[in-house]
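Okay, so here's the structure we're looking at.
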Amino acid sequence: MCSRSVFDPLVNAYDAARPSYPTYLFQDLERLAGSLADARVIEVGAGTGIATRQLVARGARVIAVELGEAMLSRLRERTPDVAGAVLGDGEALPLAAGVADLVTYAQAWHWMSVPDAAGEAVRVLRPGGSLAVWWNDVDAADTRWWRSQQTRLEAMSPGYDRDYRIRPWADELRWTGNFADVVTLTGRWEREMPIDAYLTWLRSKSYVAAIGDRLGDFLGSERDSLLHAFPDGMVVEPFRTVLVVARTDA
């Protein structure tokens, strides 16, 4: 049977190389949406549990919702303290109304129909609860190696555009009319990793997998480009986090 998730075939690369989220993001989240300690959190598009584990570590009682069976299986293996983990679609959550203090989407909201997913979030939230969506976005547009990578991707990956996640996220939530207040916060951080680990990170991306038969050519060109930019073999990759928190009426 074919998986409903494009990420199920990528589960090993995803689990091995996807970045976690900086501490300040969760501090900002708690400042805007309340303490995570003992909070009832629905984490949608939970993947292999990267954000799940960070939420649990801050005391949240997390129900993880994930579309892919392989991804959810890996989350269960890696996250024994999760309160629950269920297969489900963010546009039709398999949960009762009014059960959550917070609904989160880490690196997943851009896959959703905003009106449908926002409506589902409001349905499962208690009055005064919040929806929080966030991303790690690579912040390397001023570097030659990243611009060259993106040019290759736009040429080799069908339909890919480097600006695909540039959207008015907060305005889209406001336009639904479901929220009393919407706030956006951003921050910056970076990580350093060996080139082989960086190439695994690339392989975890759906638009890289979409290259298909020419994937080896793409990764070979990336290795050459990265060795030129980082001759010591350690890639320094800057990120920009974007956190959008939408609060419902109490």
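Annotations for the structure displayed:
- Val236 satisfies every condition listed in (1) of a type outside the set (Asp, Glu); (2) within 29 Å of Asp8 (Cα to Cα); (3) surrounded by 15 or more Cβ atoms within 10 Å (Cβ to Cβ); (4) under 23 Å from the mean Cα position of the chain (by Cα) except (3).
- Test: residue in the range 185-193 that is in contact (Cβ under 8 Å) with a residue 40 or more places away in the chain, more than 25 Å from Ala108 (Cβ to Cβ) and either assigned to a helix (DSSP H, G or I) or among the charged types (D, E, K, R) (or both): yes
- Any hit, the range 21-38, residues being without any contact (Cβ under 8 Å) to a residue 40 or more places away in the chain, within 22 Å of Lys205 (Cβ to Cβ) and either buried (at least 20 other Cβ atoms within 10 Å of the Cβ) or under 14 Å from the mean Cα position of the chain (by Cα) (or both): no
- Residue that is nearest to Asn136 (Cα to Cα) [pool: residues in the range 1-31 that are part of a helix (DSSP H, G or I) and touching a Ser or Thr at 6+ places or on another chain (Cβ under 7 Å)]: Leu25
- Out of Asp213, Asp224, Asp137, Asp217, sole residue that is in contact with a Ser or Thr (Cβ under 8 Å, 6 or more places away or on another chain) and not in a loop (DSSP other than H, G, I, E, B): Asp137
- Considering residues of the range 183-208 that are closer than 21 Å to Glu154 by Cα and of a type outside the set (Phe, Trp, Tyr) only, the residue surrounded by the most Cβ atoms within 10 Å (Cβ to Cβ): Val208
- Hey, Ala64 closer than 21 Å to Arg18 by Cβ, at pLDDT 95 or above and surrounded by 19 or more Cβ atoms within 10 Å (Cβ to Cβ) or not: yes
- Residue ID - nearest to the chain's Cα centre (by Cα), chosen from residues in the range 127-153 that are surrounded by fewer than 15 Cβ atoms within 10 Å (Cβ to Cβ) and without any contact (Cβ under 8 Å) to a residue 60 or more places away in the chain: Ala141
The values are calculated or read from the model by the stated rules, or taken from the named source; none is laboratory data. Given the structure is predicted, the values throughout are model-derived calculations rather than measurements. Methodologically, a virtual Cβ is constructed for each residue, glycine included, from the backbone with ideal geometry; neighbour enumeration extends over all protein chains shown.
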